[in-house]
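Written out below as structure tokens is the structure these notes cover.
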Amino acid sequence: MPSTTMIGFPLLRYQGSWLLKTWVTGVLSVQRRFAPRPDDVLLASLPKCGTTWLKSLAFSTMARAAYPPSAADHPLLRLNPHQCVPFLDDLFSSGEATKAVEALPSPRLMNTHMHHSLLPPSVTAGKCKIVYVCRDPKDGLVSMWYFAKSIMPAGSTYTFSDMFEHACHGETPNGPIWDNILSYWRASRAHPDKVLFLRYEEMLLDPGHAVTNLARFLGVPFTAAEEAEGTSADIVELCSFKAMKVLPANNTGTFTMLGFPHRSLFRKGVAGDWVDHMTPEMARRFDGIVHEKLRGSGLTFAAP
Ligand code: A3P
């Protein structure tokens, strides 16, 4: 397998995707062993593009009968969202964890960073629903930089510019970024009843609409009574960046085999932070690459 190293992490190229070496076994195992159920919901994204937020929103939407979002004992008040929604690529690396995912009661809610084209054929054929969240790739890169720094070996000389060069060549975890996004964009155009395509920036602008849309897509729309009670607004509030960032569960502990601190999942939670990290030339170059790769797809980010 072709390989490279980004921010100190070995990446291997597998079926057109750059995978963190740590998760290659998991991805192969998902491909071979993951058996979707019709009522499964798979949350998909590139790392650092809103996964944690989407997990919180989908979990609290789907579990609201058992756990009303305003309940004082809501799981999201005492657990990190990644503890509520299993990450397949990581967990399928271990046989025991795989069995635990397989034993979960329906409806299961899980997540992956795999390209759509890497998912098992039963999933891509539409056996279960998928919700994908994408983000301006420039902000995703900035977020990745800070996230990786949280576990970067002391004394590393790797810089943001180094990471930027890797990204321009498609070499980021689960990249190339444009291929990952396009794979879900195309799937959502072909099967809108099975794949919902969300944008982080639009969710920030109108989280209430995002939750309503999500609930409808998942087949659990808010009832008139729930609307009157403000259930969707409660979900938005429970899952808001401001509320989640201060919770003890999100400030202690680690997640995944790589041991990322939970607190590194909540940094700024805004759109457009790239302006403070990229020169106009870097932004133009990256926008140009992305624009070219998405050409003809009907999907656009900022015009270069
Ligand atoms: P920033 O680093 O730009 O702040 P992921 O969950 O895919 O790892 O993405 C992490 C990014 O989503 C981080 O972006 C993080 O701050 C942001 N984020 C986490 N929780 C959020 C929330 N509840 N609302 C909005 N953004 C959130």
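All conditions in (1) buried (at least 22 other Cβ atoms within 10 Å of the Cβ); (2) of a type in the set (A, V, I, L, M); (3) closer than 23 Å to Val195 by Cα hold for Leu76, with the sole exception of (3). For the range 241-265, the tally of residues that are among the hydroxyl-bearing types (Ser, Thr, Tyr) and surrounded by fewer than 15 Cβ atoms within 10 Å (Cβ to Cβ) stands at 1. When Pro192 is tested against the conditions (1) in a helix (DSSP H, G or I); (2) away from the ligand (no atom under 16 Å from the Cβ); (3) within 28 Å of Lys138 (Cα to Cα), the lone failure is (1). Here Thr172 fulfils each of the conditions (1) assigned to a helix (DSSP H, G or I); (2) within 16 Å of the ligand (Cβ to nearest atom) apart from (1).
Evaluate the following for Cys128: is it within 21 Å of Leu57 (Cα to Cα), in contact with a Phe, Trp or Tyr (Cβ under 6 Å, 6 or more places away or on another chain), surrounded by fewer than 24 Cβ atoms within 10 Å (Cβ to Cβ) and at pLDDT 95 or above? In short, no. Of the residues in the range 90-98, not one is surrounded by fewer than 18 Cβ atoms within 10 Å (Cβ to Cβ) and at pLDDT 95 or above.
So which residues in the range 126-141 are within 11 Å of the ligand (Cβ to nearest atom), in a helix (DSSP H, G or I) and under 15 Å from the mean Cα position of the chain (by Cα)?
Within the range 126-141, Asp139, Gly140, Leu141 meet the criteria.
Within the range 208-218, the residues that satisfy the criterion of being away from the ligand (no atom under 16 Å from the Cβ) and either assigned to a loop (DSSP other than H, G, I, E, B) or touching a residue at least 60 places away in the same chain (Cβ under 8 Å) (or both) are Ala215, Phe217, Leu218.
Okay, residues lined up against (1) in contact (Cβ under 8 Å) with a residue 24 or more places away in the chain; (2) within 11 Å of the ligand (Cβ to nearest atom); (3) under 12 Å from the mean Cα position of the chain (by Cα):
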{"site": "Pro75", "(1), (2), (3)": "no, no, no"}
{"site": "Glu96", "(1), (2), (3)": "no, no, no"}
{"site": "Ser106", "(1), (2), (3)": "yes, no, no"}
{"site": "Met114", "(1), (2), (3)": "yes, no, yes"}
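Just one of (1) more than 16 Å from the ligand (Cβ to nearest atom); (2) modelled with pLDDT of 95 or more; (3) of a type in the set (D, E, K, R); (4) touching a strand residue (DSSP E or B) at 6+ places or on another chain (Cβ under 6 Å) fails for Arg37. It is (4). Taking each residue of the range 163-174 that is crowded, with 22+ Cβ neighbours inside 10 Å and looking for partners that are among the polar types (S, T, N, Q) with beta-carbon atoms closer than 7 Å, six or more apart or interchain, yields Asn174/Ser17; Asn174/Asn180.
The values are calculated or read from the model by the stated rules, or taken from the named source; none is laboratory data. Source: prediction; values computed, not measured. Quick reminder, even Gly has a Cβ in these numbers, built from the backbone with ideal geometry, and neighbours come from all protein chains shown.
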